[in-house]
Amino acid sequence: MAEFKLKRGYNVPLAGAADKQLTVVDPPDTVALLPHEFRGIKPRLAVKEGDTVKIGTTLFTDKVHSDIVFVAPVSGKVVAINRGERRKLLEIVVENDRKDETERVGNWSTADLENMTREDVVKHLLASGLWAHLIKRPFIEVANPEETPRDIFISGFSTAPLAADVSFLLQEEQESFQFGVQMLAKLTDGAVHLSVDGKNNTSPGWFSQIKGVQVHRFSGPHPAGNVGVQIHHIKPLKSGELVWQVKPEAVALLGQFFKNGVFPTERIVALAGTGLKKKQYFKVRSGASFSSFIKKEMLTDNALRFISGDVLTGWATKQDGFVSFYDALISVIPEAQKERKLLGYFRPGFKTPSFSKTFLSSFLRPGKQDYEMDTGQKGGHRAFVMSASDYEKVVPMNILPVPLAKSILAKDIEEMEGLGILELAEEDVALCSYICLSKTDFGQILRDGLDMIQKEG
């Protein structure tokens, strides 16, 4: 077991973590799939409004790889197909009839699973509606079933702000997780790598008993839990190579599918943030409407921002939104008040977190994770240049964020590849934007660079 102790990074001191209390939610009235979540997928509808569907019925497919399907998590009727600008497909909403009629993909014995070939596993996963959980690097998009990854990586913990505790998410999923790993191992000629929390014990203790994986221990501040950081230290991605990543809760879902032969419909999500009076975990249907478990009396009286995922890399959604296909966390924080504070940076800042130790809070309250933050950026576009070494302090990789960003802005593909762009995802540079006084969006710059390389082929 390899051990990595990372020094660089920063734990955002955000209050509002979810209590380890689980409530099982009744089946929702409506669920939805959100096609914009699936990077690299060009959706083609397979249903129309008014169609009747079962659990596992295809709602849409990928135009390029038509065998990649996205399926209904409940049985019922398609009641809305919502589009945005230029008819972009936003939501496919299904009304739940609560009959739970299901389309079965298969029924396999333990011997059948052991004897499956790679082609068998790919075929069944594509039919399951779960293939989109396999994400390829570089480019961070849904994996191509025609490609074989060098290795597959699973980060068994998260260091993101208010992140869901993986050991709580998977407390009853050891058998399913083992089945999932067994199937993933058939998809690569290399190894399946599982990284565990080496310090805070947020990874399940039984991870050490999982067969068919190489286990690595990581400790350190955020982003030590990012799979991209772990890949960089375990076995860096070289030019021309391809790896896949899978979230640990998704591995358990894959295992459930191969055990039962049907699309697994239940998810556990953490509801966290200081915009809530009650912060806890909920077991819900995939794609469930927020209204099925987030009640008005649970919210504070403030104007609130609902975020699918964490506050650094999640995406803003609505109070009447739907549970993400990928995210096990819903963050709810107050919206910032649009007012300028007297004296600004000259205020003592007893309750203001500061990476650069500008405020007294850095000295009077070191290490305490109890700051109530809102959506205010605490900075803006300005002619202020930070030292490049400041950004390097929050990126625990042998990559220079500022020269890389400049090469992307200059559209120098050869230089950006030489500086390691293909190893990165937006989440790996999110802290650069967080600490930047000019609030440069390093994530968007990185995405522009990756899209540029992909377009050039």
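FYI, it's all coordinate maths here, none of it is from the lab. Remember, predicted model here, so these are calculated numbers, not experimental data. No Cβ is skipped: glycine too gets one built from the backbone with ideal geometry, and neighbour counts run over all protein chains shown.
Would region 377-456 count as rounded, prolate or oblate if I go by the C-alpha gyration tensor, calling it rounded below 1.5 in a/c and otherwise prolate when a/b exceeds b/c, oblate otherwise? Verdict is prolate for region 377-456. Here r is the Cβ-Cβ distance between residue 381 and residue 24 and R0 is 41 Å; the resulting FRET efficiency, rounded to 0.05, is 0.35. Between residue 66 and residue 191, take the C-beta separation as r, use R0 = 41 Å, and let me know the FRET efficiency to the nearest 0.05. Using R0 = 41 Å, I get an efficiency of 0.85.
Reducing region 373-428 and region 88-151 to their Cα centroids gives an inter-centroid distance of 34 Å. Seen from residue 143, the other residues with C-beta closer than 12 Å to its C-beta sum to a net charge of -1, counting Lys and Arg as +1 and Asp and Glu as -1.
Summing charges over all other residues whose Cβ lies under 14 Å from the Cβ of residue 27, with Lys and Arg as +1 and Asp and Glu as -1, gives -2.
For the chain, the longest principal axis of the C-alpha atoms and the axis of helix 174-184 are separated by about 80°. Among the GluC sites (Glu not before Pro) within region 1-53, those in coil by DSSP and having at most 13 neighbouring Cβ atoms inside 10 Å are 49. For the chain, the equivalent ellipsoid built from the Cα gyration tensor has semi-axes of 35, 27, 22 Å, listed from largest to smallest.
With a ≥ b ≥ c taken as the square roots of the eigenvalues of the C-alpha gyration tensor of region 138-183, please select rounded if a/c is under 1.5 and otherwise prolate if a/b is larger than b/c or oblate if it is not? Taking the square roots of the gyration eigenvalues as a ≥ b ≥ c, region 138-183 is oblate. Could you calculate the contour length gain from residue 336 to residue 438, that is, 0.36 nm times the residue separation minus the distance between their Cα atoms, to one decimal place in nm? The span from residue 336 to residue 438 would gain 34.9 nm if fully extended.
Given a Förster distance of 35 angstrom, what is the FRET efficiency for residue 390 paired with residue 110, based on the Cβ-Cβ distance and rounded to 0.05? Once rounded, the FRET efficiency stands at 0.05. In terms of other Cβ atoms within 10 Å, 327, 51 run from fewest to most in the order 51, 327. Remind me, relative contact order of the chain in percent, using alpha carbon pairs under 8 angstrom and six or more residues apart? Reported relative contact order: 19 percent. Under the combined filter of DSSP loop state and at most 13 neighbouring Cβ atoms within 10 Å, region 268-343 retains these trypsin sites (Lys or Arg not before Pro): 277, 295, 318, 338, 340, 341. Relative to the longest principal axis of the Cα atoms of the chain, helix 442-456 runs at roughly 50 degrees. Between 0 and 90 degrees, rounded to the nearest ten: what's the tilt of helix 118-128 against the longest Cα principal axis of the chain? Between the helix axis and the principal axis of the chain, the angle is about 80 degrees. Taking all Cα pairs closer than 8 Å and separated by 6 or more residues, the relative contact order of region 29-96 comes to 37 percent.
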